[in-house]
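J.: Sharing a structure below in structure tokens format, with a few things to ask.
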Amino acid sequence: DTAVSQTPKYLVTQMGNDKSIKCEQNLGHDTMYWYKQDSKKFLKIMFSYNNKELIINETVPNRFSPKSPDKAHLNLHINSLELGDSAVYFCASSQDRYRVPYFGPGTRLTVL
Amino acid sequence: KQEVTQIPAALSVPEGENLVLNCSFTDSAIYNLQWFRQDPGKGLTSLLLIQSSQREQTSGRLNASLDKSSGRSTLYIAASQPGDSATYLCAVTPPPGYGGSQGNLIFGKGTKLSVKP
């Protein structure tokens, strides 16, 4: 199936741990994104990669680091997890930065 | 700074009713506006995309309008069905080179729709 996929779907971890969320798209898109949806359901962009180059970095703590090994993957690594990091993280991709983005199913991160 | 507001936050209607969801944005300088649907535990599905030069888009029972000058968009759902129950999100894209946020979707908080059989 052509899609945007994320792993894992659920992630429960302790404060202070380091974790990664993986994202892959097989749509041949040039641009990939990470969004965070907080407990109030507010969805906000975190990062965007266009042809492996970071083009957006909103006011996100530097504990969050996107890593793109190739155009089809954009992984999110989080160091020293905090309670406030608990949220649903969505990966998305689009043909270019102005086309309709396709979203992955989300990863629900719970920090205890 | 662009802000997107959606009213109402939640809406419950009986099956078969026509309904309107509202979206407003503070800065009329947008590249496009999109309506998404989010189902619980799932990702977002793009429903309609309206370019800044367009006034409306239609897909099946859905019709989205855009009045850029007044900073408003509406999503009209005709003959609602229980399967339409979901959260509907409105998002705008800033134009190229504007505000340093190219390609950055700015979302509203959504309207949670419940259609009762």
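The values are calculated or read from the model by the stated rules, or taken from the named source; none is laboratory data. Remember, it's a predicted structure, so these values are computed and weren't measured experimentally. Quick reminder, even Gly has a Cβ in these numbers, built from the backbone with ideal geometry, and neighbours come from all protein chains shown.
J.: If I ask for residues that are touching a Gly at 6+ places or on another chain (Cβ under 9 Å) and either polar (S, T, N, Q) or not in a loop (DSSP other than H, G, I, E, B) (or both), which ones from region A:87-111 would you list?
T.: Selection gives A:V88, A:Y89, A:F90, A:C91, A:A92, A:S93, A:S94, A:Q95, A:Y102, A:F103, A:R108, A:V111.
J.: Kindly establish whether B:K68 is within 16 Å of the chain's Cα centre (by Cα) and at the interface with another protein chain (Cβ under 9 Å from one of its Cβ atoms).
T.: Answer is no for this residue.
J.: Just the residues that are more than 7 Å from chain B (Cβ to nearest Cβ), among the aromatic types (F, W, Y) and within 22 Å of B:Y31 (Cα to Cα), please, taken from region A:86-111.
T.: A:Y102
J.: Continuing with this model, one more query. Cβ-Cβ under 7 Å, sequence separation 6+ or interchain: first residue in region B:36-51 and in contact (Cβ under 8 Å) with a residue 24 or more places away in the chain, partner part of a strand (DSSP E or B) and β-branched (V, I, T). Which pairs?
T.: Close Cβ pairs (under 7 Å, with a partner that is part of a strand (DSSP E or B) and β-branched (V, I, T)) amount to B:F36/B:T45; B:R37/B:T45; B:Q38/B:T87.
J.: Identify, from the list A:N57, A:N51, the residue that is polar (S, T, N, Q), free of Cβ contacts under 8 Å to residues at least 24 places away in the same chain and within 11 Å of chain B (Cβ to nearest Cβ).
T.: A:N57
J.: Just one of B:L11, B:L21, B:L48 is closer than 16 Å to B:F107 by Cα and either more than 14 Å from every other protein chain (Cβ to nearest Cβ) or out of contact with any strand residue (DSSP E or B) (no Cβ under 8 Å at 6 or more places or on another chain) (or both); which is it?
T.: B:L21
J.: For the condition out of contact with any strand residue (DSSP E or B) (no Cβ under 7 Å at 6 or more places or on another chain), within 22 Å of A:I56 (Cβ to Cβ) and touching a residue at least 24 places away in the same chain (Cβ under 8 Å), what is the one hit in B:A79, B:A29?
T.: The unique qualifying residue is B:A29.
J.: Only residues that are touching a Phe, Trp or Tyr at 6+ places or on another chain (Cβ under 7 Å) and hydroxyl-bearing (S, T, Y): list them for region A:34-61, please.
T.: Passing the criteria: A:Y35, A:S48.
J.: Here is a follow-up. Picking from B:Q2, B:Q57, which residue would you name as being within 14 Å of chain A (Cβ to nearest Cβ) and either modelled with pLDDT of 95 or more or in a strand (DSSP E or B) (or both)?
T.: Checking each option against the conditions leaves just B:Q57.
J.: Another question about this same structure. When you look at B:R37, is it under 14 Å from the mean Cα position of the chain (by Cα) and closer than 25 Å to A:I56 by Cα, yes or no?
T.: So B:R37 passes the test.
J.: Okay, moving on. Could you grab me the full set of residues in region B:59-79 that are more than 23 Å from B:V13 (Cβ to Cβ) and surrounded by 18 or more Cβ atoms within 10 Å (Cβ to Cβ)?
T.: Matches in region B:59-79: B:L66, B:K68, B:G71.
J.: Of all strands (runs of 3 or more DSSP E) completely enclosed by region A:1-86, which ones contain at least 3 residues that are within 12 Å of the chain's Cα centre (by Cα)?
T.: Because the criterion is at least 3 residues that are within 12 Å of the chain's Cα centre (by Cα), the strands (runs of 3 or more DSSP E) in region A:1-86 that meet it are A:4-7, A:19-25, A:31-37, A:43-50, A:64-70, A:73-78.
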